[in-house]
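Q: Take this structure first; my questions come after.
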Amino acid sequence: SKKSPVTLIGLGPMGQAMVRTLLGQGHPVTVWNRTPSRAEPLVVEGARLAASPTEAVASSDLVILSLTDYQAMYDILSTAESALAGRTIVNLSSDDPDVTREAAKWAAKHGATFIAGGVMTPAPTVGTEAAYVFYSGPKSAFDAHEPVLRHIGGPRFLGEDTGLAQLYYLAHLDVFLTTLASVVHATALVSAAGVDEAAFAPEAIRMVIETGQMLAAEAETGLELGRNLASGNHPGELATAVMMGATADHIVSAAKGSGVDLVLPEAVKSLYDRTVAAGHGKDSWTAMYEIIKKKAA
Ligand code: NDP
């Protein structure tokens, strides 16, 4: 059967990988990029380079964007407004959830349907089993394009609130970026004492894995994180906020002594200090949720 045409605007590492995946699935793919030279290898592989954003948008009902942020979408599509009516725009770029909600209104004004997405994989694994993608927006439009979108990665539709896809994406990246920073910080702490980074970094990485395993295993002992956060029940029999906070303080102290940057450990120490000050000293470390979460109005 004849595969539907797809337009892909934005040929960074992610957009390029998506174009290759869609071409590999037999879809005719029209591309456009601010820097046209980035399209050259893709044209050799079968993509068609549109001469303008208007031509790119007019080429397919499904228009996928892979850009640095939503401002890039406005910069590009504001020159193509006449072609937008009837198209479905799937924006897989990162931005604030509220910015994505505004974009849905902007698209509607031009007669286009808007779906926000967040791709949970680096470029080399786009189109593989490892990739998954959050989506939010009109369910019927998502369903209509799901057979094409699933080639990029396993789709996870979150709901009709357009902001959800980037909210989930950013929440996952919150874990990811903080973890990456902690691994680098821990390595700096040890290397300040003369230990080779190459020798220590694998140990820091193993700690990330062990942390994940601990959180996963606790589901079986009734200490499951999500349940405790939701209930406000923070049993501290095994490890208290006071004990963990003292350790957080020791990390700051060690960091000061070794001359490495203090921002990350001081942020963690601050969370424990305020958790204890709020009367949760004998509770579990999970009680920091009471400090962190949005306060009831
Ligand atoms: P980049 O963020 O480096 O850039 C993507 C594209 O944005 C390029 O085509 C660039 O054009 C274009 N662009 C940026 N600003 C403008 C503008 N003002 N006007 C016109 N075009 C503009 O690419 P990535 O492929 O790395 O990332 C794309 C999206 O995917 C990002 O939102 C990122 O957060 C997300 N993502 C990235 C991952 C990764 O591992 N790289 C993993 C998961 C998600 P030009 O070529 O002309 O510079």
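The values are calculated or read from the model by the stated rules, or taken from the named source; none is laboratory data. Fair warning: this is a prediction, and the values are worked out from it, not measured in the lab. Note: ideal-geometry Cβ built from the backbone for every residue, glycine included; neighbour counts use all protein chains shown.
Q: Of the conditions (1) touching a Gly at 6+ places or on another chain (Cβ under 7 Å); (2) part of a helix (DSSP H, G or I), residue 184 satisfies every one except a single condition; which number is it?
A: Single failed check for residue 184: (1).
Q: Exactly one of these conditions fails for residue 206: (1) out of contact with any helix residue (DSSP H, G or I) (no Cβ under 7 Å at 6 or more places or on another chain); (2) at pLDDT below 95; (3) of a type outside the set (A, V, I, L, M, F, W, C). Give me its number.
A: So residue 206 meets the others, but not (2).
Q: Let me ask something else about it. Select from segment 9-62 the residues that are near the ligand (Cβ under 9 Å from one of its atoms) and among the hydroxyl-bearing types (Ser, Thr, Tyr) and write down the one among them that is nearest to residue 114 (Cα to Cα).
A: 35
Q: Within the set of pairs 6 or more residues apart or between chains, which connect a residue that is closer than 9 Å to residue 33 by Cβ and of a type in the set (Val, Ile, Thr) inside segment 5-22 to a residue that is near the ligand (Cβ under 7 Å from one of its atoms) and part of a helix (DSSP H, G or I) with Cβ atoms less than 8 Å apart?
A: Pairs that qualify, where the first residue is closer than 9 Å to residue 33 by Cβ and of a type in the set (Val, Ile, Thr) and the partner is near the ligand (Cβ under 7 Å from one of its atoms) and part of a helix (DSSP H, G or I), are 9/15; 9/76.
Q: Return yes when residue 81 is in contact (Cβ under 8 Å) with a residue 24 or more places away in the chain and more than 9 Å from the ligand (Cβ to nearest atom) and no when it is not.
A: Yes, satisfied.
Q: Within segment 112-128, take every residue that is under 15 Å from residue 18 (Cβ atoms) and hydroxyl-bearing (Ser, Thr, Tyr) and give me the one that is surrounded by the fewest Cβ atoms within 10 Å (Cβ to Cβ).
A: 128
Q: Further question: Which pairs turn up if I take residues in segment 91-111 that are touching a residue at least 60 places away in the same chain (Cβ under 8 Å) and crowded, with 22+ Cβ neighbours inside 10 Å and look for partners that are assigned to a loop (DSSP other than H, G, I, E, B) and of a type in the set (A, V, I, L, M) with beta carbon separation below 7 Å, at least 6 apart in sequence or on another chain?
A: Taking only residues 6 or more apart or on different chains, the pairs are 93/67.
Q: Now for a separate question. Just checking, which of 278, 246, 165 is in contact (Cβ under 8 Å) with a residue 60 or more places away in the chain, among the aliphatic types (A, V, I, L, M) and in a helix (DSSP H, G or I)?
A: 165
Q: Give the residues of segment 209-234 that are β-branched (Val, Ile, Thr) and either surrounded by 11 or more Cβ atoms within 10 Å (Cβ to Cβ) or at pLDDT 95 or above (or both), sorted by residue number.
A: 209, 211
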